[in-house]
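The values are calculated or read from the model by the stated rules, or taken from the named source; none is laboratory data. Computed from a predicted structure; not experimentally measured. Cβ coordinates were reconstructed from backbone atoms using ideal geometry, including for glycine residues, and neighbour counts include every protein chain displayed.
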Amino acid sequence: MNLLSPAAPGPEAAPTGSARRFAALVRKESYQVIRDPSSILIAFVLPLILLVIFGYGVSLDASRTRVGLAIEDSTPIAQDLAASFQASRYFEVAVGRDRREFEEDLVLGRVRGILVIPANFVQEGAGGGSPELQVIVDGSDPNTASFVQNYAQGVVGTWMALRAAEIVMPAPAIVVEQRFWFNPELASRNFLVPGSIAIVMTLVGTLLTSLVVAREWERGTMEAMMATPVTAAELLAGKILPYFLLGLASMTLCVLVAVFVFGVPFRGSVLALCALSASFLMPALGQGLLISAATKNQFLASQLALLSAFLPAFLLSGFLFEINSMPWIIQMITAVVPARYLIPSLQSVFLAGDIWPMFLRAIAVMLFIGALMFVAAARNTRKRIA
């Protein structure tokens, strides 16, 4: 027996070799992230641009809406109602004496509505009837038209309550007192900015992963790694971990900007935020790996990532459009969009606090979708190795 011959590796040597291969893969991917300027731009510069757009450029608040106010009744009571409209923070009022003065402005879009105090306004109220205010709105924009109508009713209701307190007149039979929980100012920024964080994480997770891995397919380095003893599971895990940490770092930057720059309240816990974000990154990264393994081309991978990840997250997640108002077939499709479960959870973390029954359900669904993505990516990768 040759005592100098190397001994056969025991069962305990296999985990060590696997751990070394995995550590080498993670180190290699980390160096690639650091050396690649596009990864840093996508992970940190692009999120800031999107947050600025959603925080400042996108607003669902209908404040300072331009309207024309036609005061056809010159009595002091009508003038007092007109003053209430002029003092409202929801309207930017142009005053006239006849509704026909604003018809051309309404057609051209210079005003969004015409508020008419008719000539018989005081007579109807004095005769025991209900005085009427005419609201003419531009129906081509239903949302703004609804805002003008509702806010006009609110101004009239407040004015009538003040008049009832000053003089003896019958108060409205039913008085509605509104209370808004979690977002008393109804500021759209407070739920748009948390929702935009999910859009940012979708881009960082899916687009960045699909581009980087597809780039390796194009350069031939992926085939070189496949020639090594590395397994498909080790390859996928080694690819995922650096971008998983990069996604969490991008999320942290977005949260800091949302709280300290945009002033969005944060009433939840860091634990809930990290759990939700980590769970969402699993389907996002898995989808990026699946796209890159199926296409092997950066341009095609980027287009598929935008079509299959960004657009569904933007349009089918409830971020801007209510899911319950969509056709039932579209509602069924939204069930497989991971952002649908992250966006309401993030909004709850910021505005309401920790609601763990809601969070645990969302985490379970996102992890399930992520597991399906990784299984599909692993099967596709094994086929490529063979």
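Can you tell me which residue in the range 236-271 is nearest to LEU372 (Cα to Cα), limited to those that are among the β-branched types (Val, Ile, Thr) and assigned to a helix (DSSP H, G or I)?
So the first thing to find is which residues in the range 236-271 are among the β-branched types (Val, Ile, Thr), and the list is 240, 252, 255, 257, 259, 261, 264, 270.
Applying the additional criterion that residues be assigned to a helix (DSSP H, G or I) yields 240, 252, 255, 257, 259, 270.
Numbers: ILE240: 15, THR252: 27, VAL255: 28, VAL257: 33, VAL259: 34, VAL270: 27 Å.
Across the range 236-271, the extreme among qualifying residues is ILE240.
Checking the structure you have, find out if any residue of the range 193-213 is surrounded by 14 or more Cβ atoms within 10 Å (Cβ to Cβ), at pLDDT below 80 and assigned by TED's automatic domain parsing to the domain that holds LEU306. Let's see the steps before the verdict.
From the range 193-213, those surrounded by 14 or more Cβ atoms within 10 Å (Cβ to Cβ) are 193-213; that's our starting set.
Subset that is at pLDDT below 80: 212-213.
Subsequent filtering for residues that are assigned by TED's automatic domain parsing to the domain that holds LEU306 retains 212-213.
Scanning the range 193-213, I find at least one residue that is surrounded by 14 or more Cβ atoms within 10 Å (Cβ to Cβ), at pLDDT below 80 and assigned by TED's automatic domain parsing to the domain that holds LEU306, so the answer is yes.
For the range 318-331, indicate whether the set of residues that are under 22 Å from ILE240 (Cα atoms) and either buried (at least 16 other Cβ atoms within 10 Å of the Cβ) or in contact with a Leu (Cβ under 9 Å, 6 or more places away or on another chain) (or both) is non-empty. Even if it seems obvious, please write down each step before you answer.
In the first step, residues of the range 318-331 are kept if they are under 22 Å from ILE240 (Cα atoms); the result is none.
Scanning the range 318-331, I find no residue that is under 22 Å from ILE240 (Cα atoms) and either buried (at least 16 other Cβ atoms within 10 Å of the Cβ) or in contact with a Leu (Cβ under 9 Å, 6 or more places away or on another chain) (or both), so the answer is no.
Give me the pairs, please: first residue somewhere in the range 259-273 and free of Cβ contacts under 8 Å to residues at least 60 places away in the same chain, second residue anywhere and surrounded by 14 or more Cβ atoms within 10 Å (Cβ to Cβ), beta-carbon distance under 7 Å, and either six or more positions apart or on two chains.
VAL259/PHE266
Scan the range 300-315 and give yes if some residue there is surrounded by fewer than 19 Cβ atoms within 10 Å (Cβ to Cβ), farther than 26 Å from ALA335 by Cα and at pLDDT 90 or above, otherwise no.
Checked the range 300-315: no residue is surrounded by fewer than 19 Cβ atoms within 10 Å (Cβ to Cβ), farther than 26 Å from ALA335 by Cα and at pLDDT 90 or above.
Could you count how many residues in the range 63-107 are over 29 Å from LEU186 (Cα atoms), assigned to a loop (DSSP other than H, G, I, E, B) and among the charged types (D, E, K, R)?
Total satisfying the criteria: 4.
Looking only at residues in the range 1-34 that are within 30 Å of VAL213 (Cα to Cα) and among the charged types (D, E, K, R), which one is modelled with the highest pLDDT?
ARG27
Could you check LEU245 against (1) under 20 Å from PHE359 (Cα atoms); (2) surrounded by fewer than 17 Cβ atoms within 10 Å (Cβ to Cβ) and say which number it fails?
Answer for LEU245: the failing condition is (1).
Looking at VAL365, VAL336, VAL349, which is the one that is in contact (Cβ under 8 Å) with a residue 24 or more places away in the chain and surrounded by fewer than 16 Cβ atoms within 10 Å (Cβ to Cβ)? Show your work before the answer.
Numbers: VAL365 fails: surrounded by fewer than 16 Cβ atoms within 10 Å (Cβ to Cβ); VAL349 fails: surrounded by fewer than 16 Cβ atoms within 10 Å (Cβ to Cβ).
So the residue among VAL365, VAL336, VAL349 that is in contact (Cβ under 8 Å) with a residue 24 or more places away in the chain and surrounded by fewer than 16 Cβ atoms within 10 Å (Cβ to Cβ) is VAL336.
Go through (1) buried (at least 16 other Cβ atoms within 10 Å of the Cβ); (2) in a helix (DSSP H, G or I) one by one and return the number of the condition CYS274 breaks.
(1)
Kindly indicate whether any position in the range 224-233 is assigned to a helix (DSSP H, G or I) and either charged (D, E, K, R) or under 23 Å from PRO344 (Cα atoms) (or both).
So the first thing to find is which residues in the range 224-233 are assigned to a helix (DSSP H, G or I), and the list is 224-226, 232-233.
Now restrict to residues that are either charged (D, E, K, R) or under 23 Å from PRO344 (Cα atoms) (or both): none.
Looking for residues that are assigned to a helix (DSSP H, G or I) and either charged (D, E, K, R) or under 23 Å from PRO344 (Cα atoms) (or both), one finds none in the range 224-233, hence no.
Is the range 102-112 home to any residue that is in the same structural domain as SER146 (by TED's automatic domain parsing), closer than 15 Å to LEU133 by Cα and more than 37 Å from the chain's Cα centre (by Cα)?
As a first pass, look at the range 102-112 and keep what is in the same structural domain as SER146 (by TED's automatic domain parsing): 102-112.
From the residues that got through so far, the ones that are closer than 15 Å to LEU133 by Cα too are none.
No, the range 102-112 contains no residue that is in the same structural domain as SER146 (by TED's automatic domain parsing), closer than 15 Å to LEU133 by Cα and more than 37 Å from the chain's Cα centre (by Cα).
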